[in-house]
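One structure is given below, encoded as structure tokens.
The values are calculated or read from the model by the stated rules, or taken from the named source; none is laboratory data. As the structure is a computational prediction, the values presented were derived from the model and not from experiment. Here Cβ is always computed from backbone atoms with ideal geometry, including for glycine, and neighbour counts include all displayed protein chains.
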Amino acid sequence: MTDPTSTRQGALPALSALPTRLPQRRELLTEVPGPSSKRLAQRRAAAVASSAVSVMPVYVADADGAVIRDVDGNSFVDLGSGIAVTSVGASAPAVVAAVAEQVAHFTHTCFMVTPYEGYIEVAEELGRLTPGDHAKHTVLFNSGAEAVENAVKIARLATGRQAVVAFDHAYHGRTNLTMALTAKSMPYKTNFGPFAPEVYRMPMSYPYRDAHPHISGKTAAKRAIDQMEKQIGASSLAAILIEPIQGEGGFIVPAEGFLPTLAEWAREHGVVFIADEVQSGFCRTGDWFASEHEGVVPDLITMAKGIAGGMPLSAVTGRADLLDAVHPGGLGGTYGGNPVACAAALAAIKTMEEHDLAGRARAIEALVLPRLRALADELGTAEGPIGDVRGRGAMLAIELVHSGSTVPDPETTRAVAADCLAQGVLVLTCGTYGNVLRLLPPLVISEELLSEALDVLEGALRRHSVAAQEV
């Protein structure tokens, strides 16, 4: 662990108050995947639908802090956090204790039948933590897609309008309505239609790909607004739905001014502004919510992933008048706000606050981005493969392109991720074009472990940069 008094730029403060069960180190005892993982893959092929894919071929036996141990005893540095879920670390002590205590009392009653205090406490915390000092109410669900779908329901009922705007490169889920809201066809939408109607797609601010010619955030927002006014009309538009930093679409950080301009136009025209913070929320970007970076106060916020330390929970929090416009019984579900998940959420939130994990995310950014940008300069953006390095907090990305162009290079992206896995570092990919490496380390990762993982990533990028140029 680093010295907690260190002031070196990028240094991560020690977290001695958060003990770990597993050694926080990278260790490979077998080839990857090992024999036990291969045997489980054979059993899986016989029992599990082939459509339910996994991007990694290793099977987990244990996980703790920023380390995943597979069934062969190999320990991997986790730079994925289960897609931004285990931000407080895998099996975080406070979350484990809270879950164990709650399970000992009751695992379920259904809040719609016999309510309980945990649900109320989570709603109170979300009202306190989300942007804005207006009156807020909350309703809890199980998944991010459920939260998004219910936010749209709320907006449509409250406004009496039907149209909903989503953006290029967006990902909002796999239910019927959220598939319509999601931009990418394969694998999320292909042959699953027909989709829900009255969904309109607008151009996103994508600074790397808007660079020639340069389009400012405000100009990009006005481009989208002009299309909304022409294609839909403000009087027919119920909601604008946007990820403040796009997740699955490529960790796209819109140019400054894009979100505030859209939010201001929405407010002027009575359009509900919904921030999908499913992936970007809960300290991930250096603030509790990514919307806060430019002072945007959404009407509704959808949340999941990092909310409960790995337990399934999601939420819609926002203006009380909007949520209360829905008739009694119009929102809910059997498992929504499960008491065990609520206990986990309260423990995760307490951990984030006590250890300033938002500040720690900013420290991760300060440590990682300079290294990645120096590597991009070393390799030479004209020669490739690094076209762009971007992100905020501990939600960071590297976009890979073919030499001397902005043409996406998904092949090299997959090869780099596979190379990292073979050396004990788990790196996820994403992007509309499949050419983005995304880094989502647990916010409790030590500086030493993170630096070691970056060494592995940089080595893989160097090797595959040379290989790509030789093709």
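Any chance the range 390-407 includes a residue that's over 24 Å from the mean Cα position of the chain (by Cα), surrounded by 23 or more Cβ atoms within 10 Å (Cβ to Cβ) and more than 16 Å from Gly249 (Cα to Cα)? Spell out the reasoning first.
Taking the range 390-407 and keeping what is over 24 Å from the mean Cα position of the chain (by Cα), we get 402-407.
If we keep only those that are surrounded by 23 or more Cβ atoms within 10 Å (Cβ to Cβ) as well, we get none.
Among the residues of the range 390-407, not one is over 24 Å from the mean Cα position of the chain (by Cα), surrounded by 23 or more Cβ atoms within 10 Å (Cβ to Cβ) and more than 16 Å from Gly249 (Cα to Cα), which makes the answer no.
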> Within the range 249-286, which residues are surrounded by fewer than 24 Cβ atoms within 10 Å (Cβ to Cβ) and of a type in the set (Asp, Glu)?
Replying inline: Glu256, Glu264, Glu268
> Counting just the residues of the range 163-219 that are at positive phi and out of contact with any helix residue (DSSP H, G or I) (no Cβ under 9 Å at 6 or more places or on another chain), which one comes out surrounded by the fewest Cβ atoms within 10 Å (Cβ to Cβ)?
Replying inline: Asn191
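Every residue in the range 193-225 that is over 30 Å from Ala397 (Cα atoms) and either aromatic (Phe, Trp, Tyr) or not in a loop (DSSP other than H, G, I, E, B) (or both), please. Break it down into steps so the answer makes sense when it comes.
Restricting attention to the range 193-225, the residues satisfying the condition of being over 30 Å from Ala397 (Cα atoms) are 193-198.
Answer for the range 193-225, where residues must be over 30 Å from Ala397 (Cα atoms) and either aromatic (Phe, Trp, Tyr) or not in a loop (DSSP other than H, G, I, E, B) (or both): just Phe195.
Are any of the residues in the range 58-80 closer than 30 Å to Gly318 by Cα and either surrounded by 13 or more Cβ atoms within 10 Å (Cβ to Cβ) or not β-branched (Val, Ile, Thr) (or both)?
yes
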> With respect to the numbered conditions (1) free of Cβ contacts under 8 Å to residues at least 40 places away in the same chain; (2) in contact with a Gly (Cβ under 6 Å, 6 or more places away or on another chain), which one is the sole condition not fulfilled by Lys218?
Replying inline: (1)
> What are the residue pairs meeting all of these: first residue in the range 170-191, first residue closer than 16 Å to Met202 by Cα, second residue acidic (Asp, Glu) and in a loop (DSSP other than H, G, I, E, B), Cβ atoms under 6 Å, and 6 or more apart or on different chains?
Replying inline: Tyr171/Glu248; Ala183/Asp168
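Ala341 - would you say it is in contact with a Gly (Cβ under 6 Å, 6 or more places away or on another chain), among the aliphatic types (A, V, I, L, M) and either in the same structural domain as Glu452 (by TED's automatic domain parsing) or over 26 Å from Gly250 (Cβ atoms) (or both)?
Values: in contact with a Gly (Cβ under 6 Å, 6 or more places away or on another chain): no; among the aliphatic types (A, V, I, L, M): yes; either in the same structural domain as Glu452 (by TED's automatic domain parsing) or over 26 Å from Gly250 (Cβ atoms) (or both): yes.
For Ala341, the condition - in contact with a Gly (Cβ under 6 Å, 6 or more places away or on another chain), among the aliphatic types (A, V, I, L, M) and either in the same structural domain as Glu452 (by TED's automatic domain parsing) or over 26 Å from Gly250 (Cβ atoms) (or both) - is not met.
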> When you go through (1) more than 30 Å from Ile398 (Cβ to Cβ); (2) in contact with a Phe, Trp or Tyr (Cβ under 6 Å, 6 or more places away or on another chain) one by one for Ala147, which number turns out not to apply?
Replying inline: (1)
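Could you look through the range 280-299, keep only residues that are of a type in the set (Ser, Thr, Tyr) and farther than 15 Å from Asp133 by Cα, and pick out the one that is farthest from the chain's Cα centre (by Cα)?
Of the range 280-299, the ones of a type in the set (Ser, Thr, Tyr) are 280, 285, 291.
Filter again for farther than 15 Å from Asp133 by Cα, leaving 280, 285.
Numbers: Ser280: 5, Thr285: 10 Å.
Among those that are of a type in the set (Ser, Thr, Tyr) and farther than 15 Å from Asp133 by Cα, it is Thr285.
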